[in-house]
Amino acid sequence: MRKVIGIGETILDIIFKNEQPTAAVPGGSTFNGLISLGRMGLPVTMITETGNDRVGQNIKQFMEENGVNSDHVCMYEDGRTAISLAYLNERNDADYTFYKDYPNARLDVEWPQVDKDDIVMMGSYFVLNPVLREKVKEFLDYATKQEALIYYDINFRSSHASEAIKLRSTILENFEYASIVRGSTEDFQNMFKISDPEEAYGQEVKFHCKQMLCTDAEGEICLFSPSVTKTYQVNKIETVSTIGAGDNFNAGIVFGLLQEGVSRDGVASITEEQWNRIIAHGMAFASEVCQSLNNSISKEFAKNYGRN
């Protein structure tokens with residue numbers, strides 16, 4: 001059975017509404033999607049790091065309770081698990097403040113076994129961070145050699161926009177590794193000062209990676225590939241929190257790729273009908289997450305998904 005392996009940060013999100021804390025949920029860009037895939041019963045492994053403190057131990061236990069292999073979590077002694085304060089506005093979008101206390105030695109773990117056509121999920125500043133880049137690149141080189149399908153969610157926040165020029169070569173290198181690139185209009189604006197998806201694809205992504213998905217919050221989803229170029233309308237829903245919406249869109253896409261039996265070599269020839277089903281999974285996962293304060297799909301949703 002094909003595996004899903006994620007590499008990214010792990011953090012505790014403390015969620016505020018009307019300036020009052022309302023929930024504390026383990027999170028992280030790749031982490032949120034992997035928890036959902038673990039709840040769907042897929043074989044999932046996370047490569048990450050936490051402090052060997054109460055928060056880190058709770059996060060590791062949370063992973064294990066949700067079907068995510070935690071054998072490749074680096075639990076460091078010299079530092080504390082990262083925490084974010086997520087303040088929800090009137091649209092239930094979050095503004096973040098991060099508190100991080102990392103050790104000098106980072107991501108000191110052995111890589112999990114990667115086999116042909118396993119799916120590797122990566123994204124956010126974690127895979128761009130110069131402090132971690134050598135280790136991340138080592139893993140991506142290994143995964144590429146093993147012929148894994150690599151899914152890259154850019155997730156480039158405005159807080160790093162000032163570093164965009166410095167990080168440009170690393171971003172483009174990630175595009176080279178990727179089988180599919182997913183970004184938001186905000187990501188492309190922060191990175192390249194381009195907000196038009198077609199322009200971003202044509203000028204920055206296409207030369208490196210032929211498959212791109214672009215999301216725009218509650219706006220349309222744009223698909224670009226050699227075989228299909230298409231836009232999809234997003235259903236309007238009442239949101240409780242949009243934290244994890246993009247992360248779980250990614251999880252739904254990966255779930256769809258596995259459902260459709262899409263291999264690394266088969267990505268370029270996904271048909272329109274297959275893309276329709278794959279993107280429907282992404283929208284369903286994202287919609288589910290927006291209707292709660294959880295960062296991942298609920299166990300009930302996972303249990304019943306596809307039965308109705």
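The values are calculated or read from the model by the stated rules, or taken from the named source; none is laboratory data. All values reported here derive from a predicted model rather than from experimental measurement. Neighbour counts are summed over all protein chains in view; Cβ atoms, including those assigned to glycine, are modelled from backbone coordinates with ideal geometry.
For the stretch 206-308, which helices (runs of 4 or more DSSP H) that fit wholly inside it have 3 or more residues that are surrounded by 23 or more Cβ atoms within 10 Å (Cβ to Cβ)?
Here the list reads 245-259, 272-290.
What are the pairs with Cβ atoms under 6 angstrom where one residue, in the stretch 258-284, is closer than 12 Å to ILE180 by Cα and among the β-branched types (Val, Ile, Thr) and the other, located anywhere, is part of a helix (DSSP H, G or I) and at pLDDT 95 or above? Sequence gap at least six, or different chains.
The qualifying pairs do not exist here.
Considering every residue within the stretch 96-107, establish whether at least one is in a loop (DSSP other than H, G, I, E, B), small (Gly, Ala, Ser) and modelled with pLDDT of 95 or more.
So far as the stretch 96-107 goes, no, none of its residues is in a loop (DSSP other than H, G, I, E, B), small (Gly, Ala, Ser) and modelled with pLDDT of 95 or more.
Does GLU49 qualify as being in contact with a Cys (Cβ under 8 Å, 6 or more places away or on another chain) and not hydrophobic (A, V, I, L, M, F, W, C)? Break it down into steps so the answer makes sense when it comes.
Working: in contact with a Cys (Cβ under 8 Å, 6 or more places away or on another chain): yes; not hydrophobic (A, V, I, L, M, F, W, C): yes.
Here the answer is yes, as GLU49 does meet what is asked.
Answer with yes or no whether ASN190 is surrounded by 15 or more Cβ atoms within 10 Å (Cβ to Cβ), touching a Gly at 6+ places or on another chain (Cβ under 7 Å) and modelled with pLDDT of 95 or more.
Working: surrounded by 15 or more Cβ atoms within 10 Å (Cβ to Cβ): yes; touching a Gly at 6+ places or on another chain (Cβ under 7 Å): no; modelled with pLDDT of 95 or more: yes.
Answer is no for this residue.
Filtering the stretch 159-194 down to residues that are touching a His at 6+ places or on another chain (Cβ under 9 Å) and not in a helix (DSSP H, G or I), which residue is nearest to LYS145 (Cα to Cα)?
Out of the qualifying residues, it is ALA178.
Is one or more of the residues making up the stretch 162-170 buried (at least 18 other Cβ atoms within 10 Å of the Cβ), of a type in the set (Lys, Arg) and either more than 18 Å from the chain's Cα centre (by Cα) or more than 20 Å from ALA286 (Cβ to Cβ) (or both)?
Scanning the stretch 162-170, I find no residue that is buried (at least 18 other Cβ atoms within 10 Å of the Cβ), of a type in the set (Lys, Arg) and either more than 18 Å from the chain's Cα centre (by Cα) or more than 20 Å from ALA286 (Cβ to Cβ) (or both), so the answer is no.
Which residue out of SER169, SER184, SER179 is touching a residue at least 60 places away in the same chain (Cβ under 8 Å), out of contact with any Pro (no Cβ under 9 Å at 6 or more places or on another chain) and over 22 Å from ARG2 (Cα atoms)?
Unique residue meeting the criteria: SER184.
Quick check on my filter: what residues within the stretch 141-161 are among the charged types (D, E, K, R), surrounded by fewer than 23 Cβ atoms within 10 Å (Cβ to Cβ) and within 14 Å of ILE7 (Cα to Cα)?
ASP141
Scan (1) under 26 Å from GLN146 (Cβ atoms); (2) touching a residue at least 24 places away in the same chain (Cβ under 8 Å) for the single condition GLY246 breaks and write down its number.
So the condition that GLY246 fails would be (1).
Give the stretch 1-40 a look and list any residue that's more than 18 Å from the chain's Cα centre (by Cα) and either β-branched (Val, Ile, Thr) or within 30 Å of GLY306 (Cα to Cα) (or both), or say none.
Correct list: MET1, ARG2, ILE14, ILE15, THR22, ALA23, ALA24.
Mind checking which residues of the stretch 112-136 are touching a helix residue (DSSP H, G or I) at 6+ places or on another chain (Cβ under 7 Å) and basic (Lys, Arg)?
Answer for the stretch 112-136, where residues must be touching a helix residue (DSSP H, G or I) at 6+ places or on another chain (Cβ under 7 Å) and basic (Lys, Arg): just ARG133.
If I ask for residues that are assigned to a loop (DSSP other than H, G, I, E, B) and under 18 Å from ASP187 (Cβ atoms), which ones from the stretch 108-137 would you list? I'd like the intermediate steps shown before the answer.
Applying the first criterion (assigned to a loop (DSSP other than H, G, I, E, B)) to the stretch 108-137 yields 108-118, 124, 128-132.
Across the stretch 108-137, the qualifying residues are SER124, LEU128, ASN129.
Is one or more of the residues making up the stretch 44-67 under 21 Å from THR144 (Cβ atoms), touching a Gly at 6+ places or on another chain (Cβ under 7 Å), touching a residue at least 40 places away in the same chain (Cβ under 8 Å) and among the small types (Gly, Ala, Ser)?
The answer is no; no qualifying residue exists.
Considering each of VAL136, VAL205 in turn, give the residue that is touching a Phe, Trp or Tyr at 6+ places or on another chain (Cβ under 9 Å), without any contact (Cβ under 8 Å) to a residue 60 or more places away in the chain and not aromatic (Phe, Trp, Tyr).
Just one listed residue meets the conditions, VAL205.
Rundown of residues vs (1) touching a Pro at 6+ places or on another chain (Cβ under 7 Å); (2) closer than 22 Å to GLU134 by Cα; (3) buried (at least 22 other Cβ atoms within 10 Å of the Cβ), yes/no style:
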{"position": "ASN18", "(1), (2), (3)": "no, no, no"}
{"position": "THR30", "(1), (2), (3)": "no, yes, yes"}
{"position": "THR48", "(1), (2), (3)": "no, yes, yes"}
{"position": "ASN52", "(1), (2), (3)": "no, no, no"}
{"position": "GLN61", "(1), (2), (3)": "no, no, no"}
{"position": "ARG80", "(1), (2), (3)": "no, no, no"}
{"position": "PRO103", "(1), (2), (3)": "no, yes, no"}
